[in-house]
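A short worksheet on the structure shown next.
The values are calculated or read from the model by the stated rules, or taken from the named source; none is laboratory data. Since this is a predicted model, take the numbers as computed values, not measurements. Counting neighbours? That spans all protein chains shown, and the Cβs are built from the backbone with ideal geometry, glycine included.
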Amino acid sequence: MKAFKAPFVLKEATVEVGVSIGIAIYPDHGGECDGLFQRADKAMYAAKQAGGGYRIYLPEHEKSNPCQLMLMGKLRHAIEHGEMELYYQPQWSLTKNRVIGVEALSRWLDPQLGWIAPDRFISLTEQTGLIKPFTQWILKTVCNEYEEWKKAGLNLSVSVNLSAKNLQEPRFPDQVAELIQPGRFEPSLLEFEITESMIMVNPAISMQVLGRLNAMGISLVIDDFGTGYSSLSYLKKLPVQKIKIDKSFIVDLGNKGDIVIVHSIINMGHSLGLEVIAEGVEDEFTKDLLEAFGCDVIQGYHIGHPLPSEELIYMLNRGTAPGDLKKRPRKLSPKA
Ligand code: C2E
Ligand code: CA
Ligand code: CA
């Protein structure tokens, strides 16, 4: 796998080759050559389906998963035919007392299967090599929507969730630079949300990619903070500007014992010179607690659900006090 990592330079082209390796072990998976090869082959297809790498033979590799295969086909079609949607969830600044930005969250409505949760299809985009067109679609959509918000008199930052595969792609910053054309979109208004586990997949390449994105003026946010490694020495080295406290600590904050943890994370973030966002704010009491703790920005159903762009504009122009955006959108929406 290491040998195939670098591209092959042919006469006029550079060719990248992916590797999928299937492994069968004697005598556990077969006593004869033929049987072992057949099983290594099945494990290899399982590796291919997972987007590359290696798999050691397991009995479940005997059966292909028709449901997963169908979903992969539908996903490819949806991305290639522009059938996905982006919803935007408002972020409220506790210091400025207004909505200052949004988080872009993908939505997929399949005509037969209904709403499919992002947790389900994001990993599929990674497994099928669709992550590049998917990320391109997100960034293009965000740039177009930004123009609409500007026309509506809204100056919002927009936060985009990245996938682990984006951070392992050394050319990802170049692809981003091509998409955010100068004059059309301010890089300082763009934020990328990453998790600590994404960085840990390949820390060396991730650091390089993050450093370049940051040098372009894009802010970086550690998402789901508190659930991952949360290595403080690492956090100091990362070129990040914000941490987002995971919603598992925030939802129902008043009734659970997470108050001390949340307060400590906010203080620690500030000591490291980072801005702190809390997600999953569902009521006024939690908002008041976070405000008392000095949290900078909050996000959650109490401020507003993720909405299609036109509904977001409508809601923001109508009223921007916490709770004013809470009303469920008129249009049928997936469970946000
Ligand atoms: P996340 O980045 O942690 O996003 C926050 C999730 O919490 C969203 O779920 C959002 O709808 C939900 N949420 C928002 N406010 C509240 C609240 O007050 N209470 C509760 N209980 N939940 C709240 P969603 O949209 O289903 O997204 C799930 C995950 O899928 C996201 O988690 C993110 O990791 C991933 N995801 C979504 N869209 C994208 C995308 O475009 N690209 C990538 N790479 N990942 C995405
Ligand atoms: Ca996020
Ligand atoms: Ca999160």
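Quick notes on this structure:
- Test result for Ile194, within 15 Å of ligand 1 (Cβ to nearest atom), out of contact with any Gly (no Cβ under 9 Å at 6 or more places or on another chain), modelled with pLDDT of 95 or more and under 21 Å from Pro306 (Cβ atoms): yes
- Qualifying residue in region 273-292 (condition: closer than 25 Å to Tyr146 by Cα, in the same structural domain as Trp92 (by TED's automatic domain parsing) and of a type in the set (S, T, N, Q)): no
- Where Leu220 falls short, out of the listed (1) within 16 Å of ligand 3 (Cβ to nearest atom); (2) more than 23 Å from Leu156 (Cβ to Cβ); (3) touching a Pro at 6+ places or on another chain (Cβ under 9 Å): (2)
Yes/no per residue for (1) in contact (Cβ under 8 Å) with a residue 24 or more places away in the chain; (2) more than 15 Å from ligand 3 (Cβ to nearest atom); (3) surrounded by 20 or more Cβ atoms within 10 Å (Cβ to Cβ):
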residue: Val201; (1), (2), (3): yes, yes, no
residue: Ser233; (1), (2), (3): no, yes, no
residue: Pro239; (1), (2), (3): yes, yes, no
residue: Lys244; (1), (2), (3): yes, no, yes
residue: Glu279; (1), (2), (3): yes, no, yes
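- Within region 223-249, the set of residues being touching a Leu at 6+ places or on another chain (Cβ under 8 Å) and under 23 Å from Thr95 (Cβ atoms) comprises Leu235, Val240, Gln241, Lys242, Ile243.
- Residues of region 131-152 classified as more than 16 Å from ligand 2 (Cβ to nearest atom) and out of contact with any helix residue (DSSP H, G or I) (no Cβ under 8 Å at 6 or more places or on another chain), total: 5
- Filter result (within 30 Å of Ala46 (Cα to Cα) and hydrophobic (A, V, I, L, M, F, W, C)) within region 69-97: Leu69, Met70, Leu71, Met72, Leu75, Ala78, Ile79, Met84
- Subset of region 173-185 (residues that are in contact (Cβ under 8 Å) with a residue 24 or more places away in the chain and more than 19 Å from the chain's Cα centre (by Cα)): Gln181, Arg184, Phe185
- Strands (runs of 3 or more DSSP E) fully within region 215-325 counting 3 or more residues that are over 25 Å from Ala204 (Cα atoms): 275-279, 297-299
- Only a single item in (1) without any contact (Cβ under 8 Å) to a residue 60 or more places away in the chain; (2) surrounded by 15 or more Cβ atoms within 10 Å (Cβ to Cβ); (3) at positive phi is not met by Gly51, and it is number (1).
- Restricting attention to region 246-269, the residues being away from ligand 3 (no atom under 12 Å from the Cβ) and in contact with a strand residue (DSSP E or B) (Cβ under 7 Å, 6 or more places away or on another chain) number 4.
- Val297, sole failed condition from (1) within 15 Å of ligand 3 (Cβ to nearest atom); (2) within 24 Å of Tyr88 (Cβ to Cβ); (3) without any contact (Cβ under 8 Å) to a residue 60 or more places away in the chain: (3)
- Here Leu190 fits the description: within 16 Å of ligand 2 (Cβ to nearest atom) and either surrounded by fewer than 15 Cβ atoms within 10 Å (Cβ to Cβ) or closer than 18 Å to Tyr87 by Cβ (or both).
- Qualifying residue in region 224-237 (condition: within 16 Å of ligand 1 (Cβ to nearest atom) and touching a Gly at 6+ places or on another chain (Cβ under 9 Å)): yes
- Scanning region 209-227 for residues that are within 16 Å of ligand 2 (Cβ to nearest atom) and surrounded by fewer than 18 Cβ atoms within 10 Å (Cβ to Cβ) yields a total of 1.
- For region 62-79, filtering for residues that are surrounded by 12 or more Cβ atoms within 10 Å (Cβ to Cβ) and farther than 30 Å from His29 by Cβ leaves 5.
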